[in-house]
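Asks: Questions regarding the structure given below will be posed in turn.
All of the numbers you see were taken from the coordinates with simple rules; none came from a lab. Since this is a predicted model, take the numbers as computed values, not measurements. Here the Cβ positions follow ideal geometry from the backbone for every residue, glycine too, while neighbour counts run over all protein chains shown.
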Amino acid sequence: MNKYGGNAEAIAALVREAEVHRDVYVDPEVFELEMEHLFPNGWIYVGHASQLAKPGDFITATIGRQPVMASRHTDGSIHVFYNRCPHKGVKIASEPCGNTGKFFRCPYHAWSFKTDGSLLAIPLKKGYEGAGFGDTQANEGLSKVRNVVIYRDFIFARLSASGVSFEDYFGESLSTIDNMVDRSPEGKLAVMATPIRYMHTCNWKMLVENQTDTCHPMVAHESSAGTAVKVWKREQGDSTETPMAVQLYGPFMSPYEFYEQSGIRIWPNGHGHTGVANSIHSNYQDVPGYLDQMVAAYGEQRAHEILGEVRHNTVYFPNIMVKGAVQILRNFIPVAVDKTLVESWVYRLVAAPDKLYERALMYNRFINAPTSIVGHDDLEMYERAQEGLKSNGNQWVNLRRLYDGHEEQDVTAVINGTSERQMRNQFHAWAKFMTMDMDKRVEAAE
Amino acid sequence: MIDEKAITEFIYREAELLDTMQWQDWLDLFHPEGRYWMPLEWQQQDPVLQPSLMYEDLLLLKVRVERLAGERTFSQKPKSRCHHLLQAPRIVACDPEAGVVKTRTSYIYTETRGDNLERYSGWASHDLLEVGGAIKIKLKRVDLVNFDAPFGNIQLFM
């Protein structure tokens with residue numbers, strides 16, 4: 001099958017203004033093209049600088065399906081490279097994180113590299129004398145990812161040599177990351193915990209879309225959140241305090257009107273968030289001492305501004321979602337057209353009370369774990385969609401809710417919170433980043 | 001006073017209740033302050049300030065059990081079933097005066113739904129209390145051998 005490769009027109013035709021063709025979710029060739037074009041053209045989350053506290057610390061990640069790694073160099077700088085030895089392609093780092101000491105050493109032939117990726121030594125180097133080694137890419141050491149931006153400790157990389165700059169790509173959407181970081185009295189986050197990992201047998205975009213789908217919680221999660229509310233009402237007796245668990249589950253059952261008025265904000269390049277005016281995270285119980293810490297750190301007005309911004313889910317296109325109010329980042333890592341690895345990270349607000357970290361960890365295991373009942377509800381829907389979309393009866397997925405017939409693209413706007421506009425926004429960006437280098441690349445290959 | 005045989009029988013009985021989906025009887029085995037814990041880290045010490053897959057009290061376990069039977073619980077259409085294969089439980093601590101016993105049981109757990117079947121291995125640790133002649137679960141801790149692997153849905157109890 002070669003229906004879509006190098007055919008920007010065919011790719012663009014998969015996305016109509018308010019519908020998308022099912023091939024974006026089920027066609028293996030489209031998935032391959034996402035790996036080749038969409039992911040390299042976007043700014044992809046690699047990790048958090050707190051995971052690279054000391055020189056020699058490293059983490060591994062994937063951009064699309066390509067293995068990359070990030071390391072802290074002896075001079076304190078952070079570098080991102082492709083995780084493969086320039087010699088035979090062996091992965092240099094095989095663990096999610098660790099400390100390599102002063103240099104990386106390939107376990108196959110002992111080629112070694114400084115922690116900035118440059119070539120340190122090759123055993124029996126005289127074997128390369130007069131062999132033209134100096135002219136090869138291998139001589140440069142570990143191939144660098146050159147477009148790396150560390151924004152408030154969040155490490156992002158773009159694999160394509162040219163493309164949209166980090167600032168233009170994310171623009172005002174970075175305000176969600178700002179808010180999450182600002183919630184620490186020291187303006188600092190720390191990764192202390194391994195992520196919860198959850199394998200999904202569905203296309204990665206279903207997960208991304210679901211982040212701003214506000215018409216599903218009261219339906220799909222009636223079984224989990226609805227039951228939690230019901231059982232609590234029955235069992236609470238004369239208890240006056242709602243347990244943290246019920247505080248977290250309960251708001252999922254909010255009615256349509258709640259989501260309608262809480263709003264969605266969209267940004268250019270496919271980013272957007274639910275929960276503009278308020279969100280399901282707005283009414284958690286105050287944690288004693290926290291507000292005082294924030295007021296001491298930021299002043300009365302700024303502290304209230306920070307804590308008053310309680311966004312729900314922010315999608316950073318293409319494949320992460322950030323919850324500032326509960327300090328969670330979900331990374332939707334594509335594995336195959338029908339397989340997605342979800343890694344859900346919790347950040348600790350440095351210097352904030354333990355209770356906030358406890359709540360974030362609880363939220364993460366309630367919603368994002370293979371053992372989470374809310375997760376069971378969602379995955380069931382994704383799996384059924386992945387199966388159902390094989391049907392030829394209707395080849396289009398409908399994204400028309402609150403579509404008014406003439407939407408401007410790549411704009412910032414605040415809209416009714418039950419709109420599917422953020423999904424349309426994502427697919428507009430999808431077509432753009434899929435095709436922006438498509439024709440060019442075909443010419444280069446000829 | 002509870003003896004080794006009673007404890008072993010109790011552990012087997014618990015697995016049987018899960019395998020036969022007698023959820024309410026299973027919940028009745030828990031002490032009112034009982035917890036079910038699935039750690040996410042190797043030899044994890046703290047269930048609350050370290051990440052766990054599950055750390056649930058009776059209220060939350062009741063929610064799970066009630067959800068399994070719910071008319072709109074679509075992830076249970078069709079229903080899941082499970083099978084526990086247990087090694088003989090080992091008593092790792094025992095204080096008969098206080099009525100406290102800790103056991104460790106190696107297991108292979110199978111959960112199936114529709115045409116899918118998943119198999120898990122690990123160790124179940126029980127902190128048991130004798131209350132009025134009956135054995136109650138204070139803590140059931142389930143350590144998977146590959147706790148850090150990305151699983152699909154685990155909907156029942158190990």
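Asks: How much length is gained on full extension from A:GLN236 to A:TYR108, taking 0.36 nm per residue of separation minus their Cα-Cα distance?
Replies: Once the chain is fully extended between A:GLN236 and A:TYR108, it gains 40.0 nm.
Asks: Next up: Pick from B:ASP95, B:ASP57, B:ASP143: which residue has the top mean-square fluctuation in a GNM of chain B where Cα pairs under 10 Å get a spring?
Replies: Fluctuation is largest for B:ASP95.
Asks: Taking θ = phi - 60°, what integer Hz values does the Karplus form 6.51 cos²θ - 1.76 cosθ + 1.60 yield along the stretch B:95-111, in sequence order, with x for Gly and Pro?
Replies: My calculation for the stretch B:95-111 gives 10, x, 4, 7, x, 10, 9, 10, 10, 9, 9, 7, 8, 10, 10, 10, 10 Hz in order.
Asks: Let me ask something else about it. Need one number: nm distance between label points at A:THR412 and A:ARG16, each 7 Å from Cα along Cα→Cβ, rounded to one decimal.
Replies: Result: 3.2 nm between the two label points.
Asks: For the stretch A:321-370, what number results from the quotient of the Cα radius of gyration and 2.2 N^0.38 Å?
Replies: Cα Rg divided by the expected 2.2 N^0.38 Å: 1.29.
Asks: Assuming a ≥ b ≥ c are the square roots of the Cα gyration tensor eigenvalues, decide whether the stretch B:58-100 counts as rounded (a/c under 1.5), prolate (otherwise, with a/b larger than b/c) or oblate.
Replies: oblate
Asks: Just order A:218-227, A:402-411 by mean Cβ neighbour count inside 10 Å, highest at the front, would you?
Replies: Output ranking for A:218-227, A:402-411: A:218-227, A:402-411.
Asks: Okay, moving on. Considering the stretch A:22-139, what Rg and Dmax in Å follow from its alpha-carbon atoms?
Replies: 16.7, 56
Asks: To continue, here is another question. Within the stretch B:1-74, list the chymotrypsin sites (Phe, Trp or Tyr not before Pro) lying in a DSSP loop whose Cβ has at most 12 other Cβ atoms in a 10 Å radius.
Replies: B:TRP42
Asks: Counting partner chain Cβ atoms within 10 Å of every residue's Cβ in B:49-62, what's the average?
Replies: 6
Asks: May I pose another question? Along each principal axis of its Cα atoms, how long is the stretch A:76-188 end to end? Whole angstroms, biggest number first, please.
Replies: 55, 31, 21
Asks: Please list, in chain and number order, the residues 5+ apart from B:MET38 or on another chain whose amide H is under 5 Å from its amide H, with Hs placed from the backbone.
Replies: B:LEU53, B:MET54, B:TYR55, B:VAL142
Asks: Also, quick follow-up: For the stretch A:295-446, how big is Rg over Rh, using alpha carbon atoms and the Kirkwood form of Rh?
Replies: My calculation of the ratio gives 1.03.
Asks: Give the cross-link partners of A:LYS54 among the aspartates and glutamates, using a straight C-alpha distance below 12 Å as the criterion and excluding same-chain residues fewer than 8 apart.
Replies: A:ASP75
Asks: Then there is this: In nm, to one decimal, how far is the B:ASP115 label point from the A:GLU167 one, both placed 7 Å along Cα→Cβ?
Replies: Distance between label points: 5.4 nm.
Asks: Taking a threshold of 29 Å on the Cα-Cα distance, which of the pairs A:LYS205/B:LYS140; A:LYS205/B:LYS77; A:LYS88/A:LYS432; A:LYS233/B:LYS102 fall above it?
Replies: A:LYS205/B:LYS140; A:LYS88/A:LYS432; A:LYS233/B:LYS102
Asks: Using a Gaussian network model of chain A with C-alpha springs under 10 Å, which one of A:LEU120, A:LEU33, A:LEU379 is most mobile by mean-square fluctuation?
Replies: A:LEU120
Asks: Net charge near A:PRO334: determine it from the other residues with C-beta under 11 Å of the C-beta of A:PRO334, scoring Lys and Arg +1 and Asp and Glu -1.
Replies: With Lys, Arg at +1 and Asp, Glu at -1, the neighbours total 0.
Asks: How large is log10 I(q)/I(0) at q = 0.08, 0.09 Å⁻¹ when the Debye formula is applied to the Cα atoms of chain B, each weighted equally and without solvent?
Replies: Summing over Cα pairs of chain B leads to -0.23, -0.29.
Asks: State the extension gain, in nm to one decimal, for the chain segment bounded by B:VAL145 and B:VAL131, taking 0.36 nm per residue of separation less the distance between their alpha-carbons.
Replies: 1.9 nm
Asks: Please compute the Kirkwood hydrodynamic radius over chain A, one decimal place, Å, based on all pairs of different Cα atoms.
Replies: Kirkwood hydrodynamic radius for chain A: 23.4 Å.
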